[in-house]
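Input: a single structure, listed below in structure tokens.
The values are calculated or read from the model by the stated rules, or taken from the named source; none is laboratory data. Since we're looking at a predicted model, the values are computed, not measured. Glycine gets a Cβ as well: all are built from the backbone with ideal geometry, and neighbour counts include every protein chain shown.
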Amino acid sequence: MNRRDNRGREHRRLDAVLLETVRESVLAGRGPVTPSTVAAAVQASGKLLGTAGALEAAETINAELNGLGPLQPLVRDPAVTDIFVNAPDSVWLDRGSGLERSAVRFDTEAQVRSLASRLVAAGGRRLDDGSPCVDVRLSGGYRVHAVLPPISTVGTLLSIRIRREETFTITELRAGGMFCEEIEDVLRAIIRHRLSFLVSGSTGSGKTTLLSSLLGLSDPSERLVLIEDAAELNPVHPHVVTLESRHGNLEGGGALDLGELVRQALRMRPDRLIVGECRGAEVRELLTALNTGHTGGGGTIHANTAQAVPARLIALGALAGLSAEAVRLQVASALDLVIHVERSQTGRRVSSLGIVSDAGVSQTVVPALTLTDSGLARGPGWPLLAARLALGADA
């Protein structure tokens, strides 16, 4: 055991020396730091590593200089969607079935902070005592959120969301257990009949995955304009335009929020207008757009249940200066239904579909289809939803 530990310490020491040697070499040269320049620098270092050792060293050092450092091997698993660093010896990941502790370890807290600072800098922002909480998107599909002490009481925190280029078809999602065949038929009909909808659920429940797949069902002749804080939607469709919000620069200028992007999108002749995540004042522009002939649009929203969505919309509308009554009137004519997704021990699944109903002074989401322990149950909203989708209440 002691001999193995000594070998591990010696390997880490050699890596540190080699890393510093290669770092100085590649940074002293001209041009970008690429895997090939790193490999050449490893070979030129004179270390006798052998072919396999040289390849491993080049890969490790390239991850330290350009990638996610010690976390890079976790990205190779296509099932990993999130990585969390809570401490040097506490790294967690999510493959879709809940959080799992990883065997990856950092040597020191300083190493975690250094990685966080480098990733944030690569996104064009700064992580320091003046900006201790930063969120950036990086090339390669990574969305990085970092928090420094003393805001974090346990050390540097890293949360990394991985955007996979692969998009699942609606049939593949059903095969993976996200919903049954009856719900698939309803989801297809929702897109075909251009109902406006929101996908609700908690963080990591599969809202974006489902929304991407649904948008892929849109008619190829339609123009999809997607507005996101960080580009995550990637529907398989021939005509997709994506607008991404922009944070202010170090001087605080140049910011473009989602509300402004929605206004710009209305001038781009969208057939479907989608806000990737409604979480602020942009809900005003989205509801306005859905009330001006832009049917078949929608987005995602954080909510505990489908029935909680009207209250969430009122709270978000308040951020835009809208009264509860103004939000209720807008929602009544803008939104048709809510699709709620949740995560369980068996994975992510569509748990309910509900019709948005306006009953006098109150607004509710009436259950149409609900997944129960005994199977799929039809609720009081089913006859109305079936009629809108031309499915037949007894189908």
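Okay, here's what the table says:
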read-out	value
Residue match in region 78-86 (condition: within 24 Å of GLU228 (Cα to Cα) and either in a helix (DSSP H, G or I) or among the basic types (Lys, Arg) (or both))	no
Selected residue [more than 22 Å from GLY375 (Cα to Cα) and over 22 Å from the mean Cα position of the chain (by Cα)] from THR169, THR208, THR153	THR153
Search result, residues across region 90-113 that are among the charged types (D, E, K, R) and under 21 Å from the mean Cα position of the chain (by Cα)	ASP94, ARG95, GLU100, ARG101
Residue within region 354-363 that is within 29 Å of ASP185 (Cα to Cα), outside any loop (DSSP other than H, G, I, E, B) and among the β-branched types (Val, Ile, Thr) present	yes
Region 71-89 - residue that is free of Cβ contacts under 8 Å to residues at least 40 places away in the same chain and under 20 Å from TYR142 (Cα atoms) and, of those, nearest to the chain's Cα centre (by Cα)	ALA79
Positions within region 100-141 being assigned to a strand (DSSP E or B), touching a Gly at 6+ places or on another chain (Cβ under 9 Å) and either within 30 Å of GLY347 (Cβ to Cβ) or in contact (Cβ under 8 Å) with a residue 60 or more places away in the chain (or both), in sequence order	ASP135, VAL136, ARG137, LEU138
Among the candidates THR209, THR203, residue that is in the same structural domain as HIS239 (by TED's automatic domain parsing), in contact (Cβ under 8 Å) with a residue 24 or more places away in the chain and surrounded by fewer than 16 Cβ atoms within 10 Å (Cβ to Cβ)	THR203
Any chance SER159 is assigned to a strand (DSSP E or B), in the same structural domain as ALA79 (by TED's automatic domain parsing) and either touching a residue at least 40 places away in the same chain (Cβ under 8 Å) or among the hydroxyl-bearing types (Ser, Thr, Tyr) (or both)	yes
THR171 out of contact with any His (no Cβ under 9 Å at 6 or more places or on another chain) and either buried (at least 16 other Cβ atoms within 10 Å of the Cβ) or of a type in the set (Gly, Ala, Ser) (or both)	no
Wholly enclosed strands (runs of 3 or more DSSP E) of region 237-311 bearing at least 1 residues farther than 20 Å from ASP336 by Cβ, among the aliphatic types (A, V, I, L, M) and in contact with a helix residue (DSSP H, G or I) (Cβ under 6 Å, 6 or more places away or on another chain)	240-244
Tally of residues being out of contact with any helix residue (DSSP H, G or I) (no Cβ under 7 Å at 6 or more places or on another chain) and assigned to a loop (DSSP other than H, G, I, E, B) across region 87-99	5
Check on ARG328, under 19 Å from LEU195 (Cα atoms), of a type in the set (Lys, Arg) and not in a strand (DSSP E or B)	yes
Pair list, Cβ under 9 Å, 6 or more apart: region 350-369 residue within 14 Å of THR305 (Cα to Cα) and assigned by TED's automatic domain parsing to the domain that holds SER323, other residue in a strand (DSSP E or B) and of a type in the set (Asp, Glu)	VAL350/GLU342; SER351/GLU342; SER352/GLU342; THR364/ASP358
Count of residues meeting criterion [part of a helix (DSSP H, G or I) and out of contact with any Ser or Thr (no Cβ under 7 Å at 6 or more places or on another chain)] in region 331-350	3
Looking only at region 295-319, and only at residues there that are in contact (Cβ under 8 Å) with a residue 60 or more places away in the chain, buried (at least 21 other Cβ atoms within 10 Å of the Cβ) and in contact with a Ser or Thr (Cβ under 9 Å, 6 or more places away or on another chain), the one that is farthest from SER202 (Cα to Cα)	GLY296
Of all residues making up region 104-137, the number that are hydrophobic (A, V, I, L, M, F, W, C), surrounded by fewer than 13 Cβ atoms within 10 Å (Cβ to Cβ) and in contact with a strand residue (DSSP E or B) (Cβ under 8 Å, 6 or more places away or on another chain)	1
